[in-house]
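Asks: I'd like to ask some things about the structure below.
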């Protein structure tokens, strides 16, 4: 599939993820703050939305707002588990999952979003506790192996990625509301 510049901007409204070359303690604090605040930011954006609005897509053939939020919860639940594995094992190999297929399962429906919001709150709260308790050396020296990319991710890299992931999908939610059904 050829991706036009316009479609690329819809897919990556804040730009594509770029791994930092060096990670500072200040960046770590900011990224943890993003993790901590994301569930509240999501709730603030979708407050009062009905099924029609939660079904809006952020781009042609893209996910709906509800699917994006369900995906965030599943992705960040996986992140939480990946961090715990990396903190308790030596460079564990993590389990990838088929996020596109997950998005088509029944639990990604707008009708079940209230369960996901509760879970998103809990996962982000637990992940925040874990991140704040970590030492700077954990972010630089602890890692996991991702078999799809054939790459080790330090926990600093992973935190940077999930900070971007939160902001990326929040931008998708705003985008879907701004376009209000243009892609239906």
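The values are calculated or read from the model by the stated rules, or taken from the named source; none is laboratory data. Predicted model, so just to flag it, every value in this text is computed and none were measured. Positions of Cβ are generated from backbone atoms using ideal geometry, with glycine treated the same way; all protein chains shown enter the neighbour counts.
Asks: Return yes or no: is residue 13 outside any helix (DSSP H, G or I), under 17 Å from the mean Cα position of the chain (by Cα) and more than 23 Å from residue 148 (Cβ to Cβ)?
Replies: Spelling it out, residue 13 is indeed outside any helix (DSSP H, G or I), under 17 Å from the mean Cα position of the chain (by Cα) and more than 23 Å from residue 148 (Cβ to Cβ).
Asks: If residue 111 satisfies every condition in (1) more than 30 Å from residue 26 (Cβ to Cβ); (2) crowded, with 17+ Cβ neighbours inside 10 Å but one, which is the exception?
Replies: Of (1) more than 30 Å from residue 26 (Cβ to Cβ); (2) crowded, with 17+ Cβ neighbours inside 10 Å, only one is false for residue 111: (2).
Yes/no per residue for (1) under 29 Å from residue 129 (Cβ atoms); (2) touching a helix residue (DSSP H, G or I) at 6+ places or on another chain (Cβ under 9 Å); (3) surrounded by 14 or more Cβ atoms within 10 Å (Cβ to Cβ); (4) modelled with pLDDT of 95 or more:
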{"position": "19", "(1), (2), (3), (4)": "yes, yes, no, no"}
{"position": "26", "(1), (2), (3), (4)": "yes, no, no, yes"}
{"position": "47", "(1), (2), (3), (4)": "yes, no, no, yes"}
{"position": "61", "(1), (2), (3), (4)": "no, no, no, no"}
{"position": "64", "(1), (2), (3), (4)": "no, yes, yes, yes"}
{"position": "67", "(1), (2), (3), (4)": "yes, yes, yes, yes"}
{"position": "71", "(1), (2), (3), (4)": "yes, yes, yes, yes"}
{"position": "74", "(1), (2), (3), (4)": "yes, yes, yes, yes"}
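Asks: A further question follows. Do we find that residue 79 is farther than 30 Å from residue 25 by Cβ and either surrounded by fewer than 16 Cβ atoms within 10 Å (Cβ to Cβ) or within 18 Å of the chain's Cα centre (by Cα) (or both) in this structure?
Replies: Details: farther than 30 Å from residue 25 by Cβ: no; either surrounded by fewer than 16 Cβ atoms within 10 Å (Cβ to Cβ) or within 18 Å of the chain's Cα centre (by Cα) (or both): yes.
When the stated conditions are applied, residue 79 does not pass them.
Asks: Could you tell me which of the residues 75, 143, 64, 149 is touching a residue at least 24 places away in the same chain (Cβ under 8 Å) and more than 21 Å from residue 35 (Cα to Cα)?
Replies: 64
Asks: Report the residue count in the range 100-129 for those that are more than 13 Å from residue 75 (Cα to Cα), in contact (Cβ under 8 Å) with a residue 12 or more places away in the chain and not in a helix (DSSP H, G or I).
Replies: Selection size over the range 100-129: 1.
Asks: Taking the residues in the range 141-157 that are surrounded by fewer than 18 Cβ atoms within 10 Å (Cβ to Cβ) and part of a strand (DSSP E or B) as candidates, determine which candidate is nearest to the chain's Cα centre (by Cα).
Replies: Per the criteria, the residue is 146.
Asks: Report whether or not residue 79 is in contact with a helix residue (DSSP H, G or I) (Cβ under 7 Å, 6 or more places away or on another chain), in a helix (DSSP H, G or I) and farther than 27 Å from residue 41 by Cα.
Replies: When the stated conditions are applied, residue 79 does not pass them.
Asks: Would you pick out the residues in the range 16-44 that are over 16 Å from the mean Cα position of the chain (by Cα), touching a residue at least 40 places away in the same chain (Cβ under 8 Å) and either more than 16 Å from residue 155 (Cβ to Cβ) or in a helix (DSSP H, G or I) (or both)? Walk me through it before giving the result.
Replies: Filtering the range 16-44 down to residues over 16 Å from the mean Cα position of the chain (by Cα) leaves 20-29, 44.
Among the residues that remain, those that are also touching a residue at least 40 places away in the same chain (Cβ under 8 Å) are: 20, 23, 25, 27-28.
25, 27, 28, listed by residue number.
Asks: Another question, if that's okay. All but one of (1) in contact (Cβ under 8 Å) with a residue 60 or more places away in the chain; (2) under 18 Å from the mean Cα position of the chain (by Cα) hold for residue 91, so report the exception by its number.
Replies: All conditions are met except number (2).
Asks: Sticking with this one: Taking residue 174, is it in contact (Cβ under 8 Å) with a residue 24 or more places away in the chain, touching a helix residue (DSSP H, G or I) at 6+ places or on another chain (Cβ under 8 Å), in a helix (DSSP H, G or I) and surrounded by fewer than 16 Cβ atoms within 10 Å (Cβ to Cβ)?
Replies: So residue 174 fits the description; yes.
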